[in-house]
Amino acid sequence: MIVFHIDSRSGIPPYLQIVQQVKHALRLGMIGPGDQLPTIKQVVADVAINPNTVLKAYRDLEREGLVEGRPGVGTFVLRRPDGPPPPLLAQLRRSLDRWLRSAFDAGLDHESIASLFETGLRDALSEEEETA
Amino acid sequence: MNTIALEASSLSRRYGGTWALQECSLSLPTARVVALVGPNGAGKTTLLHLATGLLQPTSGSIHVLGEVPGADPEILGRIGFVAQEMPLYRNFTVAEMLRFGEEMNRTWDRDLAVGRLEKLSIPSSQKVGTLSGGQRAQVSLAIALAKRPELLLLDEPLASLDPLARRDFLAALMESVAEHGVSVVLSSHLVADLERVCDHLVVLRNGHVAVDGDIVGLTRKHRLVSGPRHTGALAGVGEVIDRVDTDRQTVALVRTDGPIMDPTWDVRDVDLEEIVLGYLGGREGSSVAADPLLRTVPPAPSEVRS
Amino acid sequence: MIWVTWRQHRAQAFATLIGLCAIGAFLLITGPRIASAFRELQACPVFPGQDCSSLHEAFDRRFNSLQFVVPLFMVVPLLMGVFLGAPLIAREVEQGTHRLAWTQSVTRGRWAVAKISLVCAFTLLATGLFAWMVSRWSFPLVAASGTRFGFGVFDLRGIVPIAYALFAVALGTATGTLIRKTLPAMAITLGAFVAVRVVVELFLRPRYLATKTISYPFLQESPRSGFGDWVISSRVFDPTGRFSSPDGGITVNPSSLAQACPHISSDPLGPGKDQVGRCLTQLGVKLVDTYQPGSRYWLFQGIESAIFVALAAGLIGLTFWLIRRRIS
């Protein structure tokens, strides 16, 4: 049974941390298809967070097809997450390098770049949330 | 099934010459964990006492689960309350305290109460006065939960608890929310613990409602912007909630519906604590209280709620 | 709520019961001795010519010290008021537990009714038992002294102790609810109780019904002796104006006596008691007793009880009003 850990100071919303930790556990093989995820009640008894947060995380995972919720029973793992195909990953990495070079050339320092990136990521995430 | 847990309409309460609450209007939905935040004296305890029927309004009205509080045993039975400093009968044993709950309530889930305290290893034959603060908090919570309320009101339950006890209390509370779907209103003057537990925020200031909204929406709509010192009103940043001007810099908490494009501003996300501080005007050098031009009129609930 | 009230106040209940047992033990130990001594007294004279007065004196001397016990018993209703009544609501509010009690599923009105009626019932039973024990125990003493109407005796027998106790508990409860602090409430209850009792006893009780008077010759026994009357005052009526003293008594000195009754023998040892008595009677000097007839005893018990019960009822009403309106 996986145990969750929420870092309030990380800036990452708790529900997202749970999603990430489930995916991480899946990738590392700690849990596999057919295993049951901790019930919402178990999670919040362990880590004092709002049950809706866990619910949202499990729903997100369900939407991605990684888990399946069976009413009255629990939430069960369906499959491991796919990584992006390696060529796509390489392509993304190359655009990122290009962007970073432009940012450095424009005179941005470390913190500005990180801040710009974080804000962009956050806004993109919320847009995605809103459309989801 | 009611969808409004607590509804206040121009609710006011006066003690002698002081107004503890003034013209408060709130509409809190059910199935939420509501953080009721504000400095000491803001009116949190008064609001909770009005909601439980311990106090009567001076003017305006309050309804809980659709009913007038305290009027009859039926509504009393549907609300659980833990008062500030968690009063218990000190020379009762834990078991006797639970029996008290059973005698004084129509519905009582004995297994829930006993099971909960067993899980926490709180001995039932021990006198309540000899328990630690955290254990007493758990006993108070167990009594409030065992009556299976629809709405649970907690007045500063975390105030005198050490961090571990606080975590345990919140975990127990969340477990109950997950299992029974009880709506919770939790008051505190510390904000740090509340962000991951609460999904709705009410900020009281000087007896008025400063904020009443869903937390996710609030964090989405508020930003902290900083830039070179500005004089006068700020443009292009949405609505300014709070603002600090130093000799070189201006930092402001703003409320905006879309992204802030103006490159002069460094834009940052805010967490719950910063939102609360902004609305309370608690920042050093902050001008919310001081300058009437810059001060934001507390938004009506319909505006801020997202 | 019966269990809750009992559990909250069981220490006080036990203390009361232990106190009652202690009193009961004392009464049980001393009672039979008094009763048998009294039976001896009543049996006298067993043979003709037996001197019963010395037996009376012996009885009095032997049990004289018991009169110091009486004031202690008078304190019993007061103690109930102070230790049962004052903390009843005050301690609850002082410690904030009323916010626990009033937010369960019982309204504060029902809560107050349960608590107050249980405490009053307990008070009734405990004091009833106490009054009955003391009445039985003191019966010989009262019979020997001839009246049960006097200060201190009236207060301990019959039904008035129950009324005093109810009043004390109601007073304590109302004070505690008003002040919401236990210790000051206890102190005020003590003071107020004593004040009311003193006022009623000294100023009201003699006047419940119109008093009667009777006059009889000086140095003789009142024709109403043995009727158990409550003699409120006994004054000398002196038409000559020569003998009465300021305190309502009489001073007789040889010169005024010789002036008034010249024919009294000039015995070098002075005139005898009988002669003085006859002289004064001839002159019209009388004793005038103001009294309440002994037959009115139970009527007076009833009136005084009614007064205290009415006061108690009013105070309990006040308590309810305060709880409903003035506490949060």
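Bear in mind these aren't lab numbers, they're just calculated from the coordinates by the rules spelled out. The structure displayed is predicted, hence computed values, not measured ones. Cβ sites come from the backbone with ideal geometry, for glycine too, and all protein chains shown count toward neighbours.
Based on C-alpha pairs under 8 angstrom that are at least 6 apart in sequence, region B:190-257 has a relative contact order of 26 percent.
Between the helical axis of C:273-283 and the longest alpha-carbon principal axis of chain C there is an angle of about 90 degrees. Using alpha carbon centroids, what distance separates region B:125-200 and region C:43-119, in Å? Cα centroid to Cα centroid, the span is 45 Å. With r defined as the distance between the Cβ atoms of B:Glu74 and C:Cys44 and R0 fixed at 51 Å, what FRET efficiency is calculated, to the nearest 0.05? Approximately 0.10, to the nearest 0.05.
Does region A:86-131 classify as rounded, prolate or oblate by the C-alpha gyration tensor (a ≥ b ≥ c root eigenvalues; a/c under 1.5 gives rounded; else a/b over b/c gives prolate, otherwise oblate)? Since a/c reaches 1.5 but b/c is at least a/b, the shape of region A:86-131 is classed as oblate.
Rounded to the nearest 0.05, the FRET efficiency derived from the C-beta distance between C:Thr281 and C:Ser36 at R0 = 41 Å is 0.50. Given in Å, the Rg to one decimal and the Dmax to the nearest whole number for the Cα atoms of the protein assembly as shown are 41.7, 155. Using alpha carbon coordinates only, what is the Rg to Rh ratio of chain B, with Rh defined as the Kirkwood radius? That ratio equals 1.02. For chain C, the alpha-carbon radius of gyration amounts to 1.33 times the rule-of-thumb value 2.2 N^0.38 Å expected for a compact globular protein. In sequence order, region C:15-27 has phi-based couplings of 4, 4, 5, 5, x, 4, 5, 4, 4, x, 4, 4, 5 Hz under the Karplus curve 6.51 cos²θ - 1.76 cosθ + 1.60, θ = phi - 60°, and Gly or Pro positions carry x. Put simply, the amide H of A:Leu37, placed in the peptide plane, has neighbours under 5 Å in A:Thr75, A:Phe76, A:Val77, leaving out anything fewer than 5 places away on its chain. The angle separating the long axis of helix C:69-80 from the principal Cα axis of greatest extent in chain C is about 20 degrees. The mean sequence distance of close C-alpha pairs (under 8 Å, at least 6 residues apart), as a share of the length of chain C, puts its relative contact order at 23 percent. The amide H of C:Thr107, built 1.01 Å from its N in the peptide plane, has no neighbour under 5 Å, considering only residues 5 or more places off or on other chains. By the Cβ rule of 4.7 Å, chain C holds the following cysteines without a possible disulfide partner: C:Cys21, C:Cys120. If you take the Cα centroid of region B:47-107 and the Cα centroid of region B:251-271, the two points sit 43 Å apart.
With θ taken as phi - 60° and the Karplus curve 6.51 cos²θ - 1.76 cosθ + 1.60 applied, the whole-hertz 3J(HN,Hα) list for region A:93-108 is 5, 5, 4, 5, 4, 4, 4, 5, 4, 4, 5, 4, 4, 6, x, 6 Hz, x standing for glycine and proline. Between B:Ala210 and B:Val203, B:Leu204, B:Arg205, the built amide H atoms are under 5 Å apart, and every one of these is 5 or more places off in sequence or on another chain.
Computed from backbone phi with θ = phi - 60° and the Karplus coefficients 6.51, -1.76 and 1.60, the 3J(HN,Hα) list for region C:232-237 is 7, 8, 9, 10, 8, 9 Hz; x is used for glycine and proline.
Region C:121-176 and region A:33-68 have their alpha-carbon centroids 72 Å apart. In terms of other Cβ atoms within 10 Å, B:Met174, C:Met74, C:Met186, B:Met261 run from fewest to most in the order B:Met261, C:Met74, C:Met186, B:Met174.
Report, in deg cm²/dmol and to the nearest 500, the calculated mean residue ellipticity at 222 nm for chain C, where each DSSP H run with n ≥ 4 adds -39500 (n - 2.57) and the sum is divided by the residue count. Value at 222 nm, helices only, nearest 500: -21000 deg cm²/dmol.
If we count every other residue with Cβ under 13 angstrom of B:Arg167's Cβ, Lys/Arg +1 and Asp/Glu -1, where does the sum land? It works out to a net charge of -3.
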